[in-house]
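**Q** The following block contains the structure, expressed as structure tokens.
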Amino acid sequence: MKGRGTKLAKLVEQTSFLPYLIPGIAFGALYLSLFTHRIGPIPALYGTFLLVALVCIAKNLPFTGRAGITSMLQIGSELEEASEIAGAKWSRRFMKIILPLSINGAISGFILVFITVMRELSLILLLVTPETRTLTTMTFRYQEQGYSQFSSAISVLIIAIVVAAELATRRLTKNKAI
Amino acid sequence: MSNTVVEVKNLTKVFGDVTAVNDVSFSIEEKDFLILLGPSGCGKTTILRMIAGLEEPTSGEIFLREKLVYSSEKKIFVPARERSVGLVFQSYALWPHMTVFENIAFGLRVQHLNSAAIKAKVKEGLSFMQLEEMANRYPQEMSGGQQQRVALARMLVSEPEVFLMDEPLSNLDAKLRLEMRAEIKNIHFQTGATTVYVTHDQVEALTMANKIAVLNHGRMEQFDKPKAIYKHPATLFVADFIGSPTINKLKGVLQFEEGAGICSVRGDSFKLVTGYKINTRVQEGQEVVAAVRPESVLVDSVKGHEGSINIFSAEISTVLPAGPETILQVKFKNYILNLLITQDVDYLAGEKVDIYIPPKEVLLVNSSTGRLIPPSMNTQ
Ligand SMILES: Nc1ncnc2c1ncn2[C@@H]1O[C@H](COP(=O)(O)OP(=O)(O)O)[C@@H](O)[C@H]1O
Ligand SMILES: [Mg+2]
């Protein structure tokens, strides 16, 4: 696969790291002030789940970007070239080599981000409304209102989900490690 | 009709401002085992990849079995998958999500063989490389040596017209490397497949190749049989790169011995007589390097040599015994010379000895061009 290591690819990769350098709460505040009013064609997103999803995507772009790009383009171009030497057309190379090899990376990239987002609080605290609560913001609210037992129960739930996700990745990528 | 299998003409590859391959031309025939030899970064891999069709040259032509597969002028570029070449990558590039069986079968499936034929061929390949028990393993569950055998088997079963190998032994330990050298030579003997093999190891090149192309900074310095490369290097670079220990180099200017009709080299504080005849193509006063192979210098056994020319007193500085042979480093004037001796004599560091450099063993290099003065002018 060509296009790796070009100036554009480097620029995209580097700018995608910017959100990661900004503190979560500040990044949340930024999105809050950006999306409370409608700006041109973009409607006011405050109060929608879309905004919560959006901010999580932006914040984690460096990881997903890295995992995705690396697994897709850097599976070792030689692995693809070896199939080219074997006489395989592009369609077969994609189906038999690139896809099976990068799917692992994609899955582990996804789970990595999933786990991070599951534990995210400061980033989305300012953006959630009662309709768009997440488990972490619920623990925060319960804690604030003095229901520390509810809060602890949800924390345990978060840990259980995260551990399950981690175990699932290990199973999925077992034996196929690159 | 000639049986040229691979021919490259004026092949050049430029990456940005690096000229990786610079105007390289050669051709090889049926059953040839060509080794592209040179230091790291000299363009060996790039040449191999251009022959394979994985890298598009900047200019030049490539023929495979007299079929033009690349031409900058005619705008021809036949992709790798249509070239019928096999390639063993330096990294082996085995597919980690496939078993050994599937790795080897892949190329056969692409060729639409039926499953019985595939099974038979893979089995044959496995047994040829002594991998019968490994069929269901994954590459990452195997040692480097085994992975390398799989990579070879994968190439063999597809029966390509040309075998290409990129430093296949560089990741193996010394002992295994020796075994695999013999094994690859044996594969070549049994299949007769025309092979282009890349290495930076000059011993590997001398032991395995029947033709060697020595490369330096993307240029081909010499293309010849291993013996000729060793005995008659075309340039000082080749003389220096080939042979272990390294060839000895003594600087001086050319001087004519009118009476004897031969040339000698006058250095700082020595005069070395050569076997080169006085000739119109050499000039007195020309700056030269006298190059002498370590095994050509004789030590202490000076009696019986005509006159007293080229006998110098020297002092042994280091003794490096290596089983049947011994490397001596001796101090001669302000040079340290490498000597390779096979006699069973115990020399000691500090010992004073006489060394003899036979005139006919002296190679002369023109200092300003770096090229050897042709041996055709040699009396021998
Ligand atoms: N894809 C590439 N992009 C830029 N420069 C390259 C590329 N491939 C090789 N080169 C450069 O070309 C030169 C020759 O490389 P290579 O053929 O790999 O050398 P070798 O195999 O002899 O060690 C080196 O200077 C290397 O840095
Ligand atoms: Mg290389």
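The values are calculated or read from the model by the stated rules, or taken from the named source; none is laboratory data. Because the structure is a prediction, the values reported are computed rather than measured. Methodologically, a virtual Cβ is constructed for each residue, glycine included, from the backbone with ideal geometry; neighbour enumeration extends over all protein chains shown.
**Q** Considering only residues that are in a loop (DSSP other than H, G, I, E, B) and touching a helix residue (DSSP H, G or I) at 6+ places or on another chain (Cβ under 8 Å), which ones fall in region B:265-287?
**A** Within region B:265-287, B:279, B:281, B:282 qualify.
**Q** Just give me the residues in region A:125-164 being of a type in the set (D, E, K, R) and at pLDDT 90 or above, in sequence order.
**A** Across region A:125-164, there are no qualifying residues.
**Q** Follow-up question, since we're still on this one. I'd like the full set of residues that are in contact with a helix residue (DSSP H, G or I) (Cβ under 8 Å, 6 or more places away or on another chain), hydrophobic (A, V, I, L, M, F, W, C) and over 16 Å from residue A:124 (Cα atoms), limited to region A:9-28.
**A** A:9, A:12, A:17
**Q** Taking region B:85-123 only, how many residues are within 8 Å of chain A (Cβ to nearest Cβ) and on the phi > 0 side of the Ramachandran plot?
**A** 1
**Q** Look at region B:160-175 and say how many of its residues are more than 16 Å from ligand 2 (Cβ to nearest atom) and under 15 Å from residue B:80 (Cβ atoms).
**A** Total satisfying the criteria: 4.
**Q** Can residue B:209 be described as over 30 Å from residue B:235 (Cβ atoms) and either at pLDDT 95 or above or within 14 Å of ligand 1 (Cβ to nearest atom) (or both)?
**A** No: the conditions fail for residue B:209.
**Q** Looking at region B:79-100, is at least one residue more than 16 Å from ligand 2 (Cβ to nearest atom) and in a strand (DSSP E or B)?
**A** Checked against the condition, which is being more than 16 Å from ligand 2 (Cβ to nearest atom) and in a strand (DSSP E or B), region B:79-100 yields at least one hit.
**Q** Suppose we filter B:155, B:208 for residues that are touching a His at 6+ places or on another chain (Cβ under 9 Å) and surrounded by 15 or more Cβ atoms within 10 Å (Cβ to Cβ); which single one remains?
**A** Just a single option satisfies the conditions, and that option is B:208.
**Q** A further question on this structure: Select from region B:243-259 the residues that are in a loop (DSSP other than H, G, I, E, B) and touching a residue at least 12 places away in the same chain (Cβ under 8 Å) and write down the one among them that is nearest to residue B:327 (Cα to Cα).
**A** That would be B:245.
**Q** Continuing with the same structure: In region B:187-200, is there at least one residue being within 16 Å of ligand 2 (Cβ to nearest atom), farther than 23 Å from residue B:30 by Cα and at pLDDT 95 or above?
**A** There is at least one residue in region B:187-200 that is within 16 Å of ligand 2 (Cβ to nearest atom), farther than 23 Å from residue B:30 by Cα and at pLDDT 95 or above.
**Q** I would also like to ask the following. State whether the residues of region A:103-113 include one that is modelled with pLDDT under 85, small (Gly, Ala, Ser), within 21 Å of residue A:25 (Cβ to Cβ) and in a helix (DSSP H, G or I).
**A** No, the conditions are met nowhere in region A:103-113.
**Q** Please pick out the residue among A:133, A:92 that is within 14 Å of chain B (Cβ to nearest Cβ) and over 20 Å from residue A:172 (Cβ atoms).
**A** Selected residue: A:92, the only one of A:133, A:92 that is within 14 Å of chain B (Cβ to nearest Cβ) and over 20 Å from residue A:172 (Cβ atoms).
**Q** Output the residues belonging to region B:4-18 that are surrounded by fewer than 20 Cβ atoms within 10 Å (Cβ to Cβ), within 16 Å of ligand 2 (Cβ to nearest atom) and more than 14 Å from chain A (Cβ to nearest Cβ).
**A** Passing the criteria: only B:18.
**Q** Return a yes/no flag: does region B:56-63 have any residue that is within 16 Å of ligand 2 (Cβ to nearest atom), in contact (Cβ under 8 Å) with a residue 40 or more places away in the chain and not charged (D, E, K, R).
**A** no
**Q** For the condition over 20 Å from residue B:46 (Cα atoms) and in contact with a Ser or Thr (Cβ under 8 Å, 6 or more places away or on another chain), what is the one hit in B:94, B:113, B:108?
**A** Among B:94, B:113, B:108, only B:108 is over 20 Å from residue B:46 (Cα atoms) and in contact with a Ser or Thr (Cβ under 8 Å, 6 or more places away or on another chain).
**Q** To continue, here is another question. Regarding region B:30-44, can at least one residue be identified that is within 14 Å of chain A (Cβ to nearest Cβ), surrounded by 19 or more Cβ atoms within 10 Å (Cβ to Cβ) and not β-branched (Val, Ile, Thr)?
**A** no
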